[in-house]
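**Student:** Mind looking over this structure? Questions follow.
The values are calculated or read from the model by the stated rules, or taken from the named source; none is laboratory data. Owing to the predicted nature of the structure, the values given are computational and were not obtained by experimental measurement. Quick reminder, even Gly has a Cβ in these numbers, built from the backbone with ideal geometry, and neighbours come from all protein chains shown.
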């Protein structure tokens, strides 16, 4: 029941995506007005004023027509004009037949003025408000100069005060409902604006980061490549010198390619969104080629890469994303390790998660940089052989890990090395997996 009531209200006044605020306020006023008029029908019968009860019934029908034109036929402009003409005519009639200024009509005219302020289009705003004021001044002027023009219709003094109190209550309720709705809508739309402003600010941060990368991190290695090529083409070099420059050129090209790959992948994830294709996989099958390539990269730097991955249970992951994450983490380990260091790739399983750890014995991460490693604020630093990074690798790893429902964390001690851990969910849909996990635990 609690969920059905908000749904009913939305159906009556319209969804924010379909109707502007003024239209939704108008629908709210119409619904509340019809309910109040229905109560007035009963109330006037009880006060022995049947002609007013009939008048209220006619008013309900007319308000319903105006509501229908706006809510269902989408003719808001026509509906507003019709509503204002009818409401003014009905209130003039009510003024002459319900004791004039001695009755509640002036109070209801004030409510009508408030409704006009809340819902009428900007072009019609001053016209309807001015007309409302003019009608009230004219009616009170007629009553002042001709007391007999507007008779007192209450059967007794008690009925008049009951009608005044009841009318005041209705006006107060309608005013409160409209005001509350306006305030809530205002706060809701303000929050939306603030949220969009935050997104825009984040977008600007992203844009500035991209510009910084393009202006510095990509220009520098490309300039180095250009210099190497100029040396090779303009100078006669010994074979060993040529081979040395070619190796440096190859390393610079490879680093630039890695940099560009990360940059383009991350940019695509920010601008277009990333599709995650989760599948049930075996770690060794998916990562075998990636680890072999990284092993060759490590050997070129004199680093030993040890692969201890085991397939105790299938893992739920996106194969392409997982390869990118592991490739980036191992690249970082190689980048910040010295010749003679080791890098271990391990896996550990429990009943719900597989933890892949990349452990190196490199230079570690300074404490002042550890808090920002997974953010755009992370500074791109040089490796042990002046390898230049793009500063986006770990950010990509974090975003892609979370998209797969996993988590990533690290621990590091300067001078002793760093351990990155990648936690992924395992597939536990069959008894084979449970038996293998139990066997692994016992062993």
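**Student:** Quick one: in the stretch 281-294, of everything that is under 28 Å from residue 387 (Cα atoms) and in contact with a helix residue (DSSP H, G or I) (Cβ under 9 Å, 6 or more places away or on another chain), which residue is modelled with the lowest pLDDT?
**Tutor:** Filtering first and then ranking leaves 293.
**Student:** Exactly one condition in (1) modelled with pLDDT of 90 or more; (2) crowded, with 20+ Cβ neighbours inside 10 Å; (3) closer than 27 Å to residue 366 by Cα is false for residue 404; which is it?
**Tutor:** (3)
**Student:** Picking from 88, 84, which residue would you name as being modelled with pLDDT of 85 or more, in the same structural domain as residue 14 (by TED's automatic domain parsing) and more than 21 Å from residue 24 (Cβ to Cβ)?
**Tutor:** The unique qualifying residue is 88.
**Student:** If you don't mind, another one. Which one of 140, 105 is at negative phi, surrounded by fewer than 20 Cβ atoms within 10 Å (Cβ to Cβ), in the same structural domain as residue 180 (by TED's automatic domain parsing) and touching a helix residue (DSSP H, G or I) at 6+ places or on another chain (Cβ under 9 Å)?
**Tutor:** Testing whether each residue is at negative phi, surrounded by fewer than 20 Cβ atoms within 10 Å (Cβ to Cβ), in the same structural domain as residue 180 (by TED's automatic domain parsing) and touching a helix residue (DSSP H, G or I) at 6+ places or on another chain (Cβ under 9 Å) leaves just 140.
**Student:** So residue 148 clears everything in (1) assigned to a helix (DSSP H, G or I); (2) without any contact (Cβ under 8 Å) to a residue 60 or more places away in the chain; (3) under 30 Å from residue 36 (Cβ atoms) except one condition, right? Which one?
**Tutor:** If we test residue 148 against (1) assigned to a helix (DSSP H, G or I); (2) without any contact (Cβ under 8 Å) to a residue 60 or more places away in the chain; (3) under 30 Å from residue 36 (Cβ atoms), just (3) comes out false.
**Student:** State all residues of the stretch 65-80 that are surrounded by fewer than 21 Cβ atoms within 10 Å (Cβ to Cβ), assigned to a helix (DSSP H, G or I) and free of Cβ contacts under 8 Å to residues at least 40 places away in the same chain; if no residue qualifies, say none.
**Tutor:** Residues satisfying the conditions are 65, 68, 69, 78.
**Student:** Scan the stretch 352-376 for residues that are touching a strand residue (DSSP E or B) at 6+ places or on another chain (Cβ under 8 Å) and in contact (Cβ under 8 Å) with a residue 60 or more places away in the chain and jot them down.
**Tutor:** Those that are touching a strand residue (DSSP E or B) at 6+ places or on another chain (Cβ under 8 Å) and in contact (Cβ under 8 Å) with a residue 60 or more places away in the chain: 352, 353, 354, 355, 356, 357, 358, 359.
Matching residues to (1) modelled with pLDDT of 80 or more; (2) under 22 Å from residue 363 (Cβ atoms):
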site	(1), (2)
250	no, no
257	no, no
268	no, no
279	yes, no
312	yes, no
329	yes, yes
337	yes, yes
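**Student:** In addition: Check 31, 41 and return the single one that is farther than 21 Å from residue 162 by Cα, out of contact with any strand residue (DSSP E or B) (no Cβ under 6 Å at 6 or more places or on another chain) and assigned to a helix (DSSP H, G or I).
**Tutor:** The unique qualifying residue is 31.
**Student:** While we're looking at this one, here's another question. Quick check on this structure: which one of 19, 26 is under 30 Å from residue 187 (Cβ atoms) and part of a loop (DSSP other than H, G, I, E, B)?
**Tutor:** Selected residue: 19, the only one of 19, 26 that is under 30 Å from residue 187 (Cβ atoms) and part of a loop (DSSP other than H, G, I, E, B).
**Student:** Identify all residues within the stretch 143-159 that are crowded, with 16+ Cβ neighbours inside 10 Å and either at pLDDT 85 or above or in contact with a strand residue (DSSP E or B) (Cβ under 9 Å, 6 or more places away or on another chain) (or both); write none if there are none.
**Tutor:** 143, 150
**Student:** Exactly one condition in (1) within 22 Å of residue 98 (Cβ to Cβ); (2) in contact with a helix residue (DSSP H, G or I) (Cβ under 7 Å, 6 or more places away or on another chain); (3) without any contact (Cβ under 8 Å) to a residue 60 or more places away in the chain is not met by residue 12; state its number.
**Tutor:** Failing condition for residue 12: (1).
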